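Participant: One structure is given below, represented as structure tokens, and several questions about it will come after.
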Amino acid sequence: MAAFTAKDVQALREKTNVGMMDCKKALVEADGDVEKAIDILREKGLATAAKKAGRIAAEGVIGLYSNGAASALVELNCETDFVGNNPEFKALANQIAKTVVEVKPADLDALLATTISEGTISVADSIQELFLKIRENLKLRRFALVEGTAVSYIHGGGSVGVLVNFETNAADNDEFVAMGKNIAMQVAAMNPEYLSKEDISADELAKMKSITIDSSLNKPESLPKPILRKLFDKAVNEKLWSDEDIAAYEEQKNNNFLFNFLSKEAVATLAELAVAGKEEYVNDKIFAGAVEGRIKKQIKEICLLDQAFVRSDLFDGTVGGYVADVAKKLGAEIKVTGFTRLAKGEGIEKKADDFAAEVASMI
């Protein structure tokens, strides 16, 4: 039998996208001949994985495992929701999540090379073995590991997975767990970007303010009346509007629905005037106050603890208020320290299939 090295096995794996053990067996059978080994893998149907690897895998499932001391979420992708709902596929995702908790890999490559929990082969080879059964492109996309007290929630059979981290002395209390589950459901539904305002950097706040100012100036109907009056006077006095718009303004200027009587061109002109006078209006106290109000509203929408708690039947107020209320009732210390939310296919551009075009091309 011809000798071959681990590098040969790795090279064959890179060419075929087949698991390491199958590559090794093929090289043994081919007496070390790489090209013959590729033919053997093709004959066995293993090398078809390489052909399918380029196909978009935007469906899938979020796997979960927690042992109390640590918790993990993993995103395992496939091509169709049919496979995504396959019990064996879901079980593999959860098994990989368990591997993450047990091994705590540094990155995705380290995880793929690790022996899977309760198994004898690597995570990568376990995915390859499942591919041989279902014949769809499978991809382990990402994972998240959280150590310490965390409450989890899986939505829609695995479409979204959430972990919420806590510092508490009531981790074993059923009411605490129920509260944690409710907050995890809030994260799944409302998809906050930050835990609290303190987690937003000064640069991000400055950018938010700049965008809010520009969007306000470009929407003149939302501007404070004193500023709007200046814009109207300029547009009319300098005849920047058409005669029809000037006439409509003179007739309807006391109407609360004035903008319904102005043309799109007239409104666009007001926006241009507002943007041109940005330096003046930014220093206007009324305008500055309106901008601050909008920013506060945005913060309440994107920061978890500042969001309105969706289960108003349990508590009417913010998420932070709900946590404080439960802590007070339990006489415990409870602090939310972070959260993780993974949604399957998030950020992956799905291919739009044109069935009619496909049939036409076949004809």
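Participant: What are the equivalent ellipsoid semi-axes of the stretch 207-286, built from the alpha-carbon gyration tensor (square roots of five times its eigenvalues), in whole angstrom, biggest first? Write out the running numbers ahead of the final one.
Facilitator: On the way: eigenvalues 103, 29, 27 Å².
Over the Cα atoms of the stretch 207-286, the ellipsoid semi-axes are 23, 12, 12 Å.
Participant: For the chain, what class follows from the C-alpha gyration tensor (a ≥ b ≥ c being the square roots of its eigenvalues): rounded when a/c is under 1.5, otherwise prolate if a/b is larger than b/c, else oblate? The partial results should precede the final answer.
Facilitator: Details: a/c = 3.18, a/b = 1.71, b/c = 1.86.
Oblate, since a/c reaches 1.5 and b/c is not below a/b.
Participant: Quick one: angle between helix 243-252 and the longest Cα principal axis of the chain, in degrees between 0 and 90, rounded to 10, please.
Facilitator: Value to nearest ten degrees: 80.
Participant: Per DSSP H run of at least 4 residues, take -39500 (n - 2.57); add these up for the chain, divide by its residues and hand me the 222 nm value, nearest 500 deg cm²/dmol.
Facilitator: On the way: 17 runs with 187 residues, N = 363.
Result for the chain: -15500 deg cm²/dmol, rounded to the nearest 500.
Participant: State, to one decimal in nm, how far the label point of E292 lies from the label point of K225, with both points 7 Å from Cα in the Cβ direction.
Facilitator: 2.2
Participant: Now for a different question. At what distance in nm do the modelled label points of N191 and Q252 sit from each other, each positioned 7 Å from its Cα along Cα→Cβ?
Facilitator: Those two pseudo-labels are separated by 3.6 nm.
Participant: Contact order normalised by length for the stretch 60-216, with contacts defined as Cα pairs under 8 Å and 6 or more residues apart; what percent is it? Don't skip to the end; give the middle numbers.
Facilitator: Numbers: 235 pairs, mean separation 36.5, N = 157.
That works out to 23 percent.
Participant: Under 1.5 on a/c is rounded, so check that first for the stretch 155-210, then, if it is not, pick prolate when a/b is larger than b/c and oblate when it is not; a ≥ b ≥ c are the square roots of the alpha carbon gyration tensor eigenvalues. Walk me through the numbers before you get to the answer.
Facilitator: Working: a/c = 3.79, a/b = 1.67, b/c = 2.27.
Because a/c hits 1.5 or more and a/b fails to exceed b/c, the stretch 155-210 counts as oblate.
Participant: Taking amide H positions as placed 1.01 Å from N in the peptide plane, with prolines and chain starts having none, which residues 5 or more places from G338, or on another chain, fall under 5 Å of its amide H?
Facilitator: Long-range HN contacts for G338: N165.
Participant: Kindly express, to the nearest 10 degrees and within the range 0 to 90, the angle between helix 87-103's C-alpha long axis and the longest C-alpha principal axis of the chain.
Facilitator: 90
Participant: In the Gaussian network model of the chain, springs joining C-alpha atoms below 10 Å, which of A274, A124, A188 carries the largest mean-square fluctuation?
Facilitator: Maximum among the listed residues: A274.
Participant: Taking 8 Å as the Cα distance limit and 6 or more residues as the minimum spacing, I'd like the relative contact order of the stretch 54-148 as a percentage.
Facilitator: On the way: 179 pairs, mean separation 34.0, N = 95.
For the stretch 54-148, the relative contact order is 36 percent.
Participant: Also: For the pair E204 and A3, how long in nm is the line joining their label points, each one 7 Å along Cα→Cβ?
Facilitator: Here the answer is 5.6 nm between the modelled labels.
Participant: Continuing with this model, one more query. With springs only between Cα atoms under 10 Å, which of I334, I302, I246 fluctuates most in a Gaussian network model of the chain?
Facilitator: Maximum fluctuation in the GNM of the chain, among the listed residues, is at I246.
Participant: Still on this structure, please answer the following. Most fluctuating residue of L231, L111, L132 in a GNM of the chain with Cα springs under 10 Å: which is it?
Facilitator: Its mean-square fluctuation being the largest, the pick is L231.
Participant: Once amide H atoms are built 1.01 Å from N in the peptide plane, which residues 5 or more positions from A70, or in another chain, come under 5 Å H to H?
Facilitator: G148
Participant: Across the chain, where is the longest run that never hits GluC sites (Glu not before Pro) in a DSSP loop with at most 15 other C-beta atoms within 10 Å? Write down the numbers at each step before the final one.
Facilitator: Numbers: sites that count: E118, E193, E238, E333, E346, E349.
Counting only loop sites that pass the neighbour cut-off, the longest clear stretch is 1-117.
Participant: Same structure again: As I understand it, the value is the acute angle between the Cα axis of helix 202-217 and the longest principal axis of the Cα atoms of the chain; what does it come to in degrees, rounded to 10?
Facilitator: Orientation of helix 202-217: about 50 degrees from the principal axis.
A short reminder: the numbers here are calculations on the coordinates, not readings from a lab. Quick caveat: nothing in here was measured; it's all calculated off a predicted structure. Don't worry about glycine lacking a Cβ; one is built from the backbone with ideal geometry, like all the others, and counts go over all protein chains shown.
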